[in-house]
Structures are given as structure tokens and as C-alpha cells.
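Since the structure comes first, as C-alpha cells, the remarks are kept for the end.
The values are calculated or read from the model by the stated rules, or taken from the named source; none is laboratory data. All values reported here derive from a predicted model rather than from experimental measurement. Cβ placement follows ideal geometry from the backbone for every residue including glycine, while neighbour counts extend to all protein chains displayed. The area values use the complete protein model at the heavy-atom level, side chains included, leaving out ligands, DNA and RNA. Shrake-Rupley method; radii C 1.70, N 1.55, O 1.52, S 1.80 Å.
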Amino acid sequence: MYRRAYVLLVGNAVLMGSLAVIVAAVLNKKLADPEGSFLGPSWARLPILLGAAILLDLLPRTLWLSRLHPMAMPGILIHRLRTHWTRERLTLVALGIVCFYVVYVSYRNLKSFLPEVIHTKYDRELHLIDRALFFGHEPASVLHDILGTGFMAYFLSYVYLWFLPLVPLALTAWLVWSRNLSYGYWFATSQCIAWTLGTASYYALPTLGPGFEYVEKFTDLPTTPTSELMDALANGRHQILWGSVDGAVQSVAGFASLHCAITLLVALMIQATVRSQILKIVFWINFSVTVVATIYFGWHYIADDVAGVMIAFISFYVGGVASGQKFERRSLSSHPTTTTSAVPVDRD
């Protein structure tokens with residue numbers, strides 16, 4: 001039933017992994033683990049992540065439903081394992097985690113190799129487009145004047161950085177708790193496609209982003225977690241390019257904005273598969289605020305955000321087709337394969 005999703009997930013991971021290995025070999029580089037080694041080597045980390053996903057579902061549920069009575073726990077645990085953690089669910093979770101991990105690590109390494117593969121940058125051209133769209137004004141400066149550089153700077157900073165935990169949490173939610181298994185394949189496939197298209201966009205139109213190329217235009221901003229992150233990325237990039245750091249990755253690339261792509265993809269998935277109206281509103285607001293933050297802090301040009309939106313729609317549609325979704329004018333239907341879940345992730 002999910003053969004197309006299998007093929008696309010695995011094929012995407014193989015493609016990205018192969019490209020990362022080939023480019024590393026050509027540049028005489030070693031592939032780096034961008035997330036460090038606090039969970040041990042990569043071969044151990046994947047089983048740990050899979051076990052953590054299962055534990056995250058079983059432990060809180062068992063403790064809550066048993067009211068902490070030890071005699072009631074085994075029955076609740078066994079029932080959940082039999083009804084929810086079927087072979088199909090385990091396949092979805094394992095395949096989704098492994099493929100996403102391979103794609104993401106490859107993405108980070110290919111992004112890191114970019115300055116050594118392509119030396120040309122197009123910041124000036126995209127900056128001129130920004131100024132033309134704002135009638136000769138700097139988009140970031142306009143936002144600074146409208147929103148101010150006090151409270152809003154910190155608010156936008158925390159919303160922007162919320163992206164970091166959002167990526168693994170959203171993937172886990174759809175893999176573990178989606179009642180309809182096809183929704184899990186849909187989100188995992190779309191996520192992998194988005195990171196792959198984002199990698200391609202970096203090589204198609206290399207940029208640093210206004211906050212790195214035109215630093216002087218953002219000196220009016222206070223020190224926030226986001227500005228500290230930008231400083232750390234800039235310093236890391238310089239150290240890696242000058243050869244003073246080994247085993248690390250540089251993470252500066254502007255076009256396209258994957259913050260916009262992934263936050264929009266999450267909003268689209270919630271709109272299509274989740275019943276809660278509150279969640280729909282929250283994540284559409286999250287996407288909108290993230291777009292503003294990318295310009296406000298100088299992470300991206302306007303063209304970067306537009307390209308990110310395009311990546312989200314393409315990934316959403318292709319992932320939906322691969323997982324068997326039917327896109328109709330007024331509704332969206334999918335495979336009827338479902339499993340019981342305490343946390344419903346389902347469409348209206």
C-alpha cells in the first residue's frame with residue numbers, strides 16, 4: 001500500500017547520502033556528525049532514537065492510565081503494544097527516523113561543503129531585488145522601525161529558534177501518533193523532500209544572507225539568542241574555511257529559507273490531518289511570525305522566503321501523492337488504514 005512512499009523515502013536517503021559521500025571524497029573531507037556525539041556513534045544513535053520514540057508513547061500513557069498502580073501497568077502496556085505498535089507502525093517509525101537522519105546529516109554536510117565547491121555568491125543581486133520591492137528601502141530596517149528593537153526582537157528570536165526542537169518533535173508526532181499510517185509516511189516523505197530541495201537550492205543560488213553579508217545594517221538590534229547564534233555561525237564558518245577546525249560543519253547558506261519551508265510544511269500538514277482548530281491557528285501564526293523573523297534578523301532575503309514557500313508546497317504535494325493522498329478541491333482523503341491512538345492526528 002505504501003510502496004511509493006517506501007521507494008521515495010529510501011531513494012531520497014540513498015541519493016543524499018551518496019552525494020554527501022561523493023562530494024566529501026572529491027574534496028578530501030570526512031563526513032561530520034553535525035549533532036555531536038552525546039548519544040554515542042551513529043550506529044548506536046538510531047536504535048536509541050527509535051527506542052526513545054516508543055518509550056515516549058508507552059511510558060506516559062501507562063503511568064497515566066494505571067494511576068501509578070503497579071498491578072495495572074502490565075495490562076495497559078501489553079494492550080498498547082498489541083493495538084498500536086504493530087509491525088506496520090514499527091516499520092513506519094524505523095523507516096521514517098532512519099531516512100530522515102540520513103537525509104538531514106547529508107544536508108548538513110553538503111551545506112558545509114558549499115563554499116569549497118562554489119565560490120560565487122549572489123547576495124548583491126538578491127539585495128537589490130529586496131530594495132526594489134521596498135522602493136529603495138531596506139526590508140529589515142523597515143521592520144525594525146515598525147516593530148521596534150526591544151521586546152519584539154526577543155519575541156521574534158524565540159519564535160525563530162523554536163524551529164530547532166520543532167523539526168524532530170513534529171516528525172515524531174506524525175510517525176508515532178498519527179491514527180492514519182499514511183499521514184506518517186506523508187509527513188516523513190515531505191520532510192525529506194524539503195531538506196533535499198533546500199540543499200539543491202543552496203547550490204543553485206549560493207548566498208550568505210543579509211545578516212552575514214551586510215552586518216552593518218543590523219547593528220541596531222539588541223543581543224538576543226538569535227544574534228548570538230548568528231555570531232556563532234559566522235565564527236564557525238571562518239574557522240572552518242581557514243582550516244583551524246576539524247570535524248565540524250559550517251552552517252551559513254541563505255537561499256532558500258528552510259525555516260519558512262518546514263514551518264509552512266508543518267502548518268499544511270496540521271491543516272490537512274489534525275482536527276484541533278487551535279493547533280491550526282497556532283502553527284499558521286508560527287509560520288507567519290517565522291517569515292517576519294527571517295527578514296527582521298537578516299537570515300534571509302525576500303527571494304529566499306518565496307523559494308522556501310515553493311519548496312513546502314512541492315514537498316507537501318509530492319509526499320501526499322507518494323503516500324496515497326487524494327487532493328480534491330474541497331477535501332482531502334487518504335488510505336483508510338488506521339490504528340488506535342490516544343493523541344489523534346487525523347483530518348476533519
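Within the chain, the longest run free of exposed loop sites, counting trypsin sites (Lys or Arg not before Pro) that sit outside DSSP helix and strand states (H, G, I, E, B) and have at most 11 other Cβ atoms within 10 Å, spans 68-328.
Cut-off 10 angstrom, C-alpha nodes, Gaussian network model of the chain. Which of G136, G211, G319 fluctuates the most? Result for the chain, Cα springs under 10 Å: G136 fluctuates most.
Among S106, S18, S315, the largest mean-square fluctuation in a Gaussian network model of the chain (Cα springs under 10 Å) belongs to S18. Between M310 and E216, the simple spin-label model (points 7 angstrom out along Cα→Cβ) gives 3.2 nm.
With helices as the sole contributors, the chain gives -23000 deg cm²/dmol at 222 nm; each DSSP H run of n ≥ 4 counts as -39500 (n - 2.57), and the sum is divided by every residue. Gaussian network model of the chain, Cα springs within a sub-10 Å range: biggest mean-square fluctuation belongs to which of L31, L126, L58? With Cα springs under 10 Å in the chain, the top fluctuation among L31, L126, L58 is at L58. Over the chain, accessible surface divided per residue gives 49 Å², non-protein components excluded, 1.4 Å probe. If R0 is taken as 56 Å, the Cβ-Cβ distance between H119 and F327 corresponds to a FRET efficiency of 0.85. In the range 175-277, the alpha-carbon atoms span a convex hull of 163 Å³ per residue. Take every pair of alpha-carbon atoms less than 8 Å apart whose residues are at least six positions apart; their mean separation over the length of the range 178-316 yields a relative contact order of 36 percent. The residue list H84, S276, P222 was ranked by how far each Cα lies along the charge dipole of the chain toward its positive end, using unit charges on Cβ atoms, and H84 comes out on top. Computed over the chain, relative contact order equals 26 percent, with contacts defined as Cα pairs under 8 Å that lie 6+ residues apart.
The distance between label points at L65 and R275 comes to 1.7 nm (points 7 Å beyond Cα on the Cα→Cβ vector). This model, with +1 at the C-beta of Lys and Arg and -1 at the C-beta of Asp and Glu, gives the range 180-334 a dipole about its Cα centre of some 840 debye.
Please list the equivalent ellipsoid semi-axes of the range 134-220, computed as the square roots of five times the alpha-carbon gyration tensor eigenvalues, in descending order and whole angstrom.
Equivalent-ellipsoid dimensions as semi-axes: 34, 19, 10 Å.
For the chain, the alpha-carbon radius of gyration amounts to 1.05 times the rule-of-thumb value 2.2 N^0.38 Å expected for a compact globular protein.
With the simple spin-label model, which puts each label point 7 Å out from Cα in the Cβ direction, the V282 to I22 separation comes to 4.3 nm.
Restricting the chymotrypsin sites (Phe, Trp or Tyr not before Pro) of the range 199-305 to loop positions (DSSP other than H, G, I, E, B) with no more than 10 neighbouring Cβ atoms within 10 Å leaves W242. Placing +1 on the Cβ of every Lys and Arg and -1 on the Cβ of every Asp and Glu, with nothing else charged, gives the chain a dipole about its Cα centre of roughly 1660 debye.
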